[in-house]
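Asks: Sharing a structure with you now.
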Amino acid sequence: LKHHLIEHIADSSKPTASLLTAQIKVDNRVTAHLLGDATIDERLKNIVKLELNDAPPSLPEETIAPIREALSQSPMIFMLGADGMGQHKTAASLCADYELPLISIDIKQLANLNMPFATAWRLAMREAYLINGALLLNNWESGLNEHRQPPLDLWSALVDYQKPVFLCGERDWEPLDTYRTRRLLRMTFAIPAYSARHQVWQQFTQGKNVHA
């Protein structure tokens, strides 16, 4: 019930009936999943995605290695940097080392759906549980309140989720929940120095008729 894997159908003629006597319906999305259909809930189209591991990490190995080693402990990882700096590719590559799928959720787009955010969030988390993979939350700031903290139901769901969780934000962030049971690691994605960008350009154009 918590993650909308099954739905409780109330009987209006028996308002005081217990849950044990109520009708239970399996949601169509869950039925489709059990039949092998991996299509994400249509209501979450382009908001919840299964990320592909189709590119190497955008950070050097000495930065990636400690995160990779800790990933087996299912930490939370805050990825600081502007959008498009390689956070998704890096997270997907890390997860691939553990044969973990990676599900991304765009918090900003989720909040703009034509339904209460709490409902949209539960549906998104249901996809994570069905796919059983790591989570990546894009536009993390969009889910924070005026104190730059997430709503309790959102944060509790992430802390309880027993897979790695990546949080992508453009401003540094620190949770006030000092009693959480999950480690919070950090990665910074910045624009590389000119020499590093030039080296990548040379590698990409090697053997091609391209001149600087």
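Asks: Just to check your reading of the model, which residue among Glu62, Glu42 is open to solvent by 50 Å² or more (accessible area, probe 1.4 Å), acidic (Asp, Glu) and under 19 Å from Trp121 (Cα atoms)?
Replies: Matching residue, one of Glu62, Glu42: Glu42.
Asks: Right, another one. Taking Ser72, is it of a type outside the set (Phe, Trp, Tyr) and closer than 16 Å to Cys168 by Cβ?
Replies: Answer is no for this residue.
Asks: Any residue at all in the stretch 116-130 that is modelled with pLDDT under 95, part of a loop (DSSP other than H, G, I, E, B) and within 25 Å of Ala70 (Cα to Cα)?
Replies: no
The values are calculated or read from the model by the stated rules, or taken from the named source; none is laboratory data. What you see is a predicted model; the values in this text were computed from it and never measured. Here the Cβ is made from the backbone with ideal geometry for all residues, glycine too, and neighbour counts use every protein chain on show. Heavy atoms of the whole protein, side chains included, go into the accessibility calculation; ligands, DNA and RNA do not. Shrake-Rupley method; radii C 1.70, N 1.55, O 1.52, S 1.80 Å.
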